[in-house]
Structures are given as structure tokens and as C-alpha cells.
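Inspection log for the structure reproduced underneath, given as C-alpha cells.
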Amino acid sequence: MADRRKTILLSILYAVIITAYGAVVYASGGAEGQEAITFRGDWLPRLVNFGILALFLFIVLRKPARDFFTSRTAEIKKAIEESKEAREQAIKALVDIEQKLKDGEAEAGRMVEDARVRGEKDKEALGEEGARIVQDIQAQAKSGIEMEVEKAKTALSVEASLLAIDLAEGTIKEKMDKKDHERIMKDYISGVGGKK
């Protein structure tokens, strides 16, 4: 590719040099007082010179120019195809990104809904757990109260028994005489002695 461009540029340079050389030669001649040549008198040599130059340029530049324009056309076609492919890929990427964005929004909505449902379930579970704990505490308190009531009843019955014993003892001491005391002692000794 670079060699073709170099050849074309070199051919154009040669053509410019040859044309400029002819102009320099023509300008340097004919100033010695001769009669000026008019266009009518020298049209044939000029025409032949132009024809030779045009034929030379056509022969020299025909293939490089054709190759240049062919390669340039191919490059332009390739660039157009690449830009079409890049455009198609960009459109496809845009569609993919839009789809991912929609999917992401849907996923975010699902996640929010899942979190809300999970929060409600957790709230219900915490409520149920709280109710169960309250019931457990109430049951423990009830059993504790019942135990304390039983202790109090037992303590009261013991206290009442002790008071009854003290009262009975006091009554017995008042009403009991020496004979009753001896009789109780004999009965007790005979009862203890008989059990052995």
C-alpha cells in the first residue's frame, strides 16, 4: 500500500519536473530580437508537445492511478462495512444494556418485595414469639404465685398448729392436776415399754 502511494507520488513529481523543464526552456529562448512566434504559426509543435506529454503521463500514471483509486475505493468500502458492523454492534450493545437495565429494575423490585414479605413474616414471627414469651412468663408467674400461696398456707397451718398446741398446752396445764399427770406418764411408759 505504501509502495503504491510512493510510486504515484514519484510519478507525479516526474511529470511536474518535465513540465516545468519545458516551461523553463521555452521561456529562455527567443529573446534575441527575433520576431515573436504567434499561436497560428507554432500551433502544431505545441500540439505535438502537449500530445506527447499527455501520452507520457497517461502511460506512466494509468496503472498507479487506477491502482490508487481501486485501493482507495476498497478502503472506503471496507471502512463503510466496518462502520456498519460497529454500528450494528453498538445497537446490539445498546439493546443488551437496555435489557439488563430493565432486568435490573425488575430484580430490584423483586428484591424490595421479597424484603417486604420477609419483614412481614419476621414481624409475625416476632409477634408470635413475644406472645409465647408472655404466656411463658404468665405461666411461670402463676406457678410461682401458686407455690408462694402453698408456702404461705403451709406456714399458716404450721403457725396455726403451733398456736393450737400452745393453747391446748395452756388449757391442759390449767385443768390437769397431779393425778392426771401421773396417769398420762404411766400410759406413756407402758406404751413405750410395750413397743419394745
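The values are calculated or read from the model by the stated rules, or taken from the named source; none is laboratory data. The structure presented is a predicted model; accordingly, all values stated were derived computationally and were not measured. No Cβ is skipped: glycine too gets one built from the backbone with ideal geometry, and neighbour counts run over all protein chains shown.
The rows are residues; the columns are (1) in a helix (DSSP H, G or I); (2) modelled with pLDDT of 90 or more.
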| site | (1), (2) |
| --- | --- |
| Arg5 | yes, no |
| Val16 | yes, no |
| Ala23 | yes, no |
| Gln34 | no, no |
| Leu47 | yes, no |
| Ile52 | yes, yes |
| Ile59 | yes, no |
| Phe68 | yes, no |
| Lys78 | yes, yes |
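The residues listed here are Val117, Val149; of these, the one that is within 51 Å of the chain's Cα centre (by Cα) and not basic (Lys, Arg) is Val117. Tell me, yes or no, whether the range 172-188 has at least one residue that is under 60 Å from the mean Cα position of the chain (by Cα) and assigned to a helix (DSSP H, G or I). Looking through the range 172-188, none of the residues is under 60 Å from the mean Cα position of the chain (by Cα) and assigned to a helix (DSSP H, G or I).
So Gln89 fits all but one of (1) within 30 Å of Lys6 (Cβ to Cβ); (2) among the polar types (S, T, N, Q); (3) within 51 Å of the chain's Cα centre (by Cα); what number is the exception? All conditions are met except number (1). Count of the range 39-86 residues, restricted to those that are farther than 24 Å from Leu9 by Cα and not hydroxyl-bearing (Ser, Thr, Tyr), is 16.
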